[in-house]
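Novice: Pasting a structure below so you can have a look.
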Amino acid sequence: MRTLAGVEDEEKWLAEGIAGIQHNAFFMHRALDANNLREVLKYSALMLSELRTSKLSPQKYYDLYMRAFDQLRQLEIFFKDESRHGLPVVDLYELVQHAGNILPRMYLLCTVGSVYIKSKQAPSKDVLKDLVEMCRGVQHPIRGLFLRSYLAQVSRDKLPEIGSDYEGDANTVIDAVEFVLQNFTEMNKLWVRIQHQGPGTVREKQEKERNELRDLVGKNLHVLGQIEGVDLEMYKETVLPRVLEQVVNCKDKLAQYYLMECIIQVFPDEYHLQTLEALLAACTQLMPTVDTKIVLTQLMDRLSNYAASSPDVLHEFLQVEAFAKLSNAIGKVIDTQLEMPIVGAMTLFVSLLTFTLRVHPDRLDYVDQVLGACVVKLSSVPKLEDARAMKQVVALLSAPLEKYSDIVTALTLSNYPRVMDHLDDGTNKVMAMLIIQSIMKNDSCISTADKVEVLFELIKGLIKDLDGTNVEELDEEDFQEEQNSVARLIHMLDNEEPEEMLKIIYVVRKHLMTGGPQRLPFTVPPLVFSAVRLVRQLEAQGGDIAGEDVPATLRKIFQILNQTIEALSSVPCPELALRLYLQCAEAASDCDLEPVAYEFFTQAFILYEEEIADSKAQVTAIHLIVGTLQRINVFGVENRDTLTHKATGYSARLLKKPDQCRAVYACSHLFWVDDPEGIKDGERVLLCLRRALRIANAAQQMVNATRGSSGPVTLFVEILNKYLYFFEKGNPHITPSDIQSLIELINTEMLSDNGNTTIHSDPFFSSTLRYIRFQKQKGGLMGEKYDLIKL
Amino acid sequence: MNFLLGAFKPACNISITFTDGKNRKQVPIKKDNGQIVMNPLFQSQETIAGKIHIDPYQGKKVEHNGVKVELLGQIEMYFDRGNFYDFTSLVRELDVPGEIYERKTYPFEFSSVEMPYETYNGVNVRLRYVLKVTVTRGYAGSIVEYQDFVVRNYVPPPPINNSIKMEVGIEDCLHIEFEYNKSKYHLKDVILGKIYFLLVRIKIKNMDLEIRRRESTGAGANTHVETETLAKFELMDGAPVRGESIPVRVFLTPYDLTPTHTNINNKFSVKYYLNLVLVDEEDRRYFKQQEITLYRLKEETS
């Protein structure tokens, strides 16, 4: 028995074996040249005796075998030529059987047998049967495997398959199949037997060696798959049952796994489909240690691909109830293989789902069934912690998303969220992101409140903090990306029907409000804008089309808006809230809801006063307030006065002079809305502008005082532009002389600023002047007006 | 053709030819000195006829008291060397006393000779047929010439020829069932059969089928038994498992076999056995021996 004596010894034995083969092959060739049959047989038998060694590992033995194989080809040529050896092939067939040792005898017999079949002096089936039967004498696993592999090889082109020369009369394809099946069975038995040899200590090595030999066995299945004339009937009645019987009965995990794999790969898809029952039954009978899931996965992958290959085959799947069978089998396998890790079960479910999606895309109930089974399995384990299993679950959940470009379909799967519940928080988020991405990619619109509810249930990992999440662990960037996705998602929720849309908004709000301070700044704006859009839509429809209660709807929406924005105060995020209030105010204004708009403004002002302390933020806020207020025309005089007064007041109290100045001249617009019905209070405009001038002056002086030189005249030029604007718009309180004096003032300032040096021209100022000149030259009504200004 | 021993004997050269010597089948026979010579083949009830030539050497004459030819069937025991036992002895007188000056030819004929036993060359015993020509001379000693010939007897196939089937084993160790398709085989036959393993608890290395010849000579207390293994044919390589069935197919042609001889003239017997031998990895041998009967079937050709 071969031991772990070492590779060196093995190399030596191999070298000896090769030398033996070469030595005897030399004499064999000499005898071949002399056409001396006796000597040929003698030396070929001696040569083949080298294959009787037990000392080599399969790999080394293969090396030796190949060398003998090459020599046997020469021998076969000699046997073929009767004129060289002078014996009818039938006598030759007997003669080689006189060899005393079985292994050389069988190699020679196979070689002559192949010639015998070729000569057609005997029915090929008889010869094949004899050969495969006689090979039983070699029971040593490795020697037997190689011998039978030799038999398979020399007989491969001589099987009586359909269309072959050797078919006909009594030789049918059945005989070919019988032959290959028998050889396969015997080879598998030998292969399995290897493991029972030798002590347990070398088990691992044996496994490896056995694995190297597996293709010898598998080749038979390949041949079976290639035999012409094996139709479905024969496959179903003969080939598959026999192969499966062998697979199941050999009770060896390596063989079972490999052979099932082979079966699945070798035979056509449609055969698998038609024999699904048998195949699956065999799967459930495999040894518990066999990785059945990979086998089943491969099967389902193949069937899926088959289904995808052509729509014509789909009815076959229905006919054989492929889904029900697969589903049953998987259930059984999972139930029986208790030690199968959860990841295995999940992999199976993924495959089954993929299969279902490909084959029965219209059967959502199937998909749901798969998910349901998955839930059951997941519920039976305490907690899903295996990362790979998690990955499989994600794949499981992603599959329907990919298949149904319309996410809505997935939302109708009742088991979908239940599966998601079993994910850990991180994975849950990943999954939620996938869902959102899928929606985005397909641009699908979710249009009912129910679906929105389901959807938010699915992505709740993103919407709120789940129990036990450690906030500090979150990566800032990831978090932002997640929340941005949620924000984008909100825009995909849309319905033409205002009522339904309102419901959707309710639902969304309900969920978003649970998000906590970190999320709200991301999620509130889209919600607000979504609601505002609804407002606009209602307004565009004329408001009263749907009856009396429409204003009520609107009011309701604004209530929600108000509450929603209020929530931001907890963040706190005053700038954002302020902007949103202003947006809402504008929307309310467009709907002619004065009190509502006023309320929003009030809120905005309160925020400004109480929350916004940063001077820069204040500047921005003021401009926003002014801009919005200017456009709103719903307010009555009183309300408007209050608001404009407030705004102007705020403007004047800004910290920096230039900011003050700019805010104040901006406020001038509040009194002059360029609109037929707009307010046109020229006097107060002028007041604002003058005040701005004063501030600009003060600013200039401050600069002088602190730096010794006056600053740029930009502020003045800006005010000049405002003057020109109102002048053009026909404000009677803005006179050409005002403008003229302002221009002079600027010129003076520029001179004093630059002292004796060359006149520095301010580009803004020069282009303003150029504009005035242009208007003069252009003539017409405006030209006449401008003519009054002297430069 | 048959210039045999005694070519340089004085006075004359004696040669014996058979009537159909050119067409008669010749078979090889191993002589005492190990040489292989070809001898003509006869069977029982055949007429053995031919001519005897006596050829005096140049210028010599042969005086004799008569010439005779004898046909002898002899059994020779090697442990009792030189002691022949003639079970058949026929004589033909060829010439009355006189002188031979030149080549002289005598035809002879033994018609329908009863030759019940086959020529046999064993370890301890030999059965031969020979023609003995004697030129009797009174003073110078007789001139004797021998011509061997071979006798083979053909029998029809036996009417009853059962298969050999048997289950043997060692308890809890090895149980096999073997079957040979016949119990009586002719010399060009094929032994077909199978070995079925019912229980295998030992590590078998290989299995051979041996063909053994058991030759017993003498009788009673003087019986000598000699056993030879004529063939060793490997049936199986490696260790089978339970339920395995190994085919047997052994062609008898290549082996030097004779028919089974039972109690030939109360002098000797030759029996054949099939010996199935299993060898385990420690080179222990387990075997079972079965007697088979061999017979000579008339070949279609010749």
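The values are calculated or read from the model by the stated rules, or taken from the named source; none is laboratory data. What you are looking at is a predicted structure, and each value in this text was computed from that prediction instead of being measured. With ideal geometry, Cβ positions are generated from the backbone for all residues, glycine too; neighbour counts draw on all protein chains shown.
To keep it simple, each residue is scored yes or no on (1) within 19 Å of residue A:431 (Cβ to Cβ); (2) at pLDDT below 80; (3) of a type in the set (Phe, Trp, Tyr).
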residue	(1), (2), (3)
A:481	yes, no, no
A:487	yes, no, no
A:490	yes, no, no
A:505	no, no, no
A:508	no, no, no
A:517	no, yes, no
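Novice: Condition test on residue B:34, is it surrounded by 11 or more Cβ atoms within 10 Å (Cβ to Cβ) and either out of contact with any strand residue (DSSP E or B) (no Cβ under 8 Å at 6 or more places or on another chain) or more than 16 Å from residue B:13 (Cβ to Cβ) (or both)? Spell out how you get there, then give the answer.
Specialist: On the way: surrounded by 11 or more Cβ atoms within 10 Å (Cβ to Cβ): no; either out of contact with any strand residue (DSSP E or B) (no Cβ under 8 Å at 6 or more places or on another chain) or more than 16 Å from residue B:13 (Cβ to Cβ) (or both): yes.
The answer is no for residue B:34.
Novice: Output the residue which, of all residues in the stretch A:50-59 that are in a helix (DSSP H, G or I) and surrounded by fewer than 19 Cβ atoms within 10 Å (Cβ to Cβ), is modelled with the lowest pLDDT.
Specialist: Step by step, filter the stretch A:50-59, then rank; the result is A:59.
Novice: Would the stretch B:267-275 turn up any residue that is more than 14 Å from chain A (Cβ to nearest Cβ), touching a Ser or Thr at 6+ places or on another chain (Cβ under 8 Å), not in a strand (DSSP E or B) and not β-branched (Val, Ile, Thr)?
Specialist: yes
Novice: Let me ask you something else. Just one of the numbered conditions (1) surrounded by fewer than 18 Cβ atoms within 10 Å (Cβ to Cβ); (2) closer than 25 Å to residue B:208 by Cβ; (3) away from chain B (no Cβ under 13 Å); (4) over 60 Å from the mean Cα position of the chain (by Cα) is not true of residue A:38; which one?
Specialist: Unmet for residue A:38, out of (1) surrounded by fewer than 18 Cβ atoms within 10 Å (Cβ to Cβ); (2) closer than 25 Å to residue B:208 by Cβ; (3) away from chain B (no Cβ under 13 Å); (4) over 60 Å from the mean Cα position of the chain (by Cα): (3).
Novice: All but one of (1) surrounded by fewer than 16 Cβ atoms within 10 Å (Cβ to Cβ); (2) more than 13 Å from every other protein chain (Cβ to nearest Cβ); (3) not polar (S, T, N, Q) hold for residue A:112; which doesn't?
Specialist: The one condition residue A:112 does not meet is (1).
Quick grid of which residues meet (1) within 25 Å of the chain's Cα centre (by Cα); (2) within 22 Å of residue B:27 (Cβ to Cβ); (3) not in a strand (DSSP E or B):
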{"position": "B:94", "(1), (2), (3)": "no, no, no"}
{"position": "B:99", "(1), (2), (3)": "no, no, no"}
{"position": "B:102", "(1), (2), (3)": "no, no, yes"}
{"position": "B:107", "(1), (2), (3)": "no, no, no"}
{"position": "B:113", "(1), (2), (3)": "yes, yes, yes"}
{"position": "B:118", "(1), (2), (3)": "yes, yes, yes"}
{"position": "B:123", "(1), (2), (3)": "yes, yes, yes"}
{"position": "B:129", "(1), (2), (3)": "yes, yes, no"}
{"position": "B:132", "(1), (2), (3)": "yes, yes, no"}
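Novice: Further question: Taking the stated definitions as given, is residue A:289 of a type in the set (Val, Ile, Thr), in contact (Cβ under 8 Å) with a residue 24 or more places away in the chain and surrounded by fewer than 16 Cβ atoms within 10 Å (Cβ to Cβ)?
Specialist: Considered against the rule, which asks whether it is of a type in the set (Val, Ile, Thr), in contact (Cβ under 8 Å) with a residue 24 or more places away in the chain and surrounded by fewer than 16 Cβ atoms within 10 Å (Cβ to Cβ), residue A:289 comes out as yes.
Novice: Can you give me the number of residues within the stretch A:443-459 that are in a helix (DSSP H, G or I), over 18 Å from residue A:427 (Cα atoms) and among the aliphatic types (A, V, I, L, M)?
Specialist: Total satisfying the criteria: 3.
Novice: Restricted to the stretch A:128-162, and to residues that are within 14 Å of chain B (Cβ to nearest Cβ) and among the aliphatic types (A, V, I, L, M), which residue is farthest from the chain's Cα centre (by Cα)?
Specialist: Restricting attention to the stretch A:128-162, the residues satisfying the condition of being within 14 Å of chain B (Cβ to nearest Cβ) are A:129-148.
Going one step further and asking which of them are among the aliphatic types (A, V, I, L, M), we end up with A:131-132, A:134, A:138, A:142, A:145, A:147.
Details: A:131: 55, A:132: 52, A:134: 57, A:138: 54, A:142: 47, A:145: 46, A:147: 50 Å.
Looking at the filtered set, the residue picked out is A:134.
Novice: Could you count how many residues in the stretch A:108-146 are touching a residue at least 60 places away in the same chain (Cβ under 8 Å) and not basic (Lys, Arg)?
Specialist: Narrowing the stretch A:108-146 to residues touching a residue at least 60 places away in the same chain (Cβ under 8 Å): A:108, A:140, A:142-143, A:145-146.
Still in the running and not basic (Lys, Arg): A:108, A:140, A:142, A:145-146.
Residues that pass the stated criteria total 5.
Novice: Does residue B:149 meet the test of being crowded, with 17+ Cβ neighbours inside 10 Å and within 17 Å of residue B:288 (Cβ to Cβ)?
Specialist: No: the conditions fail for residue B:149.
Novice: Of all residues in the stretch A:111-127 being more than 57 Å from the chain's Cα centre (by Cα) and among the hydroxyl-bearing types (Ser, Thr, Tyr), which is modelled with the lowest pLDDT?
Specialist: A:119
Novice: Taking the stretch A:359-396, which residues are free of Cβ contacts under 8 Å to residues at least 24 places away in the same chain and crowded, with 19+ Cβ neighbours inside 10 Å?
Specialist: none
Novice: Quick check, is residue A:80 away from chain B (no Cβ under 14 Å) and farther than 18 Å from residue A:28 by Cβ?
Specialist: No, not satisfied.
Novice: Of everything in the stretch B:232-244, what is surrounded by 13 or more Cβ atoms within 10 Å (Cβ to Cβ) and either at pLDDT 95 or above or of a type in the set (D, E, K, R) (or both)? Give them in sequence order.
Specialist: Across the stretch B:232-244, the qualifying residues are B:232, B:233, B:234, B:235, B:236, B:237, B:244.
Novice: Tell me yes or no: at least one residue of the stretch B:255-263 is more than 22 Å from residue B:123 (Cβ to Cβ) and either loosely packed, with under 15 Cβ neighbours inside 10 Å or away from chain A (no Cβ under 13 Å) (or both).
Specialist: No, every residue in the stretch B:255-263 fails to be more than 22 Å from residue B:123 (Cβ to Cβ) and either loosely packed, with under 15 Cβ neighbours inside 10 Å or away from chain A (no Cβ under 13 Å) (or both).
Novice: Would you kindly identify the helices (runs of 4 or more DSSP H) lying entirely within the stretch A:260-328 that contain at least 2 residues that are at pLDDT below 85 and of a type outside the set (Phe, Trp, Tyr)?
Specialist: A:292-309, A:314-319
Novice: Report yes if some residue within the stretch A:190-205 is of a type in the set (Gly, Ala, Ser), in a helix (DSSP H, G or I) and within 19 Å of residue A:156 (Cα to Cα); otherwise report no.
Specialist: no
Novice: Can you find a residue that is among the acidic types (Asp, Glu), within 14 Å of another protein chain (Cβ to nearest Cβ), outside any strand (DSSP E or B) and surrounded by 13 or more Cβ atoms within 10 Å (Cβ to Cβ) anywhere in the stretch B:187-200?
Specialist: Narrowing the stretch B:187-200 to residues among the acidic types (Asp, Glu): B:189.
In the following step, the residues that additionally are within 14 Å of another protein chain (Cβ to nearest Cβ) were identified as B:189.
Subsequent filtering for residues that are outside any strand (DSSP E or B) retains B:189.
With the extra rule that they be surrounded by 13 or more Cβ atoms within 10 Å (Cβ to Cβ), the set shrinks to B:189.
Yes, the stretch B:187-200 has at least one match.
Novice: Can you name the residue in the stretch B:214-250 that is under 25 Å from residue B:282 (Cβ atoms) and part of a loop (DSSP other than H, G, I, E, B) and, of all such residues, is farthest from the other protein chains (Cβ to nearest Cβ)?
Specialist: Per the stated criteria, the residue is B:242.
Novice: How many residues does the stretch A:247-264 contain that are buried (at least 21 other Cβ atoms within 10 Å of the Cβ) and over 39 Å from the mean Cα position of the chain (by Cα)?
Specialist: The total comes to 0.
Novice: Do we find that residue A:650 is more than 21 Å from residue A:691 (Cβ to Cβ), surrounded by 15 or more Cβ atoms within 10 Å (Cβ to Cβ) and of a type in the set (Ser, Thr, Tyr) in this structure?
Specialist: No: the conditions fail for residue A:650.
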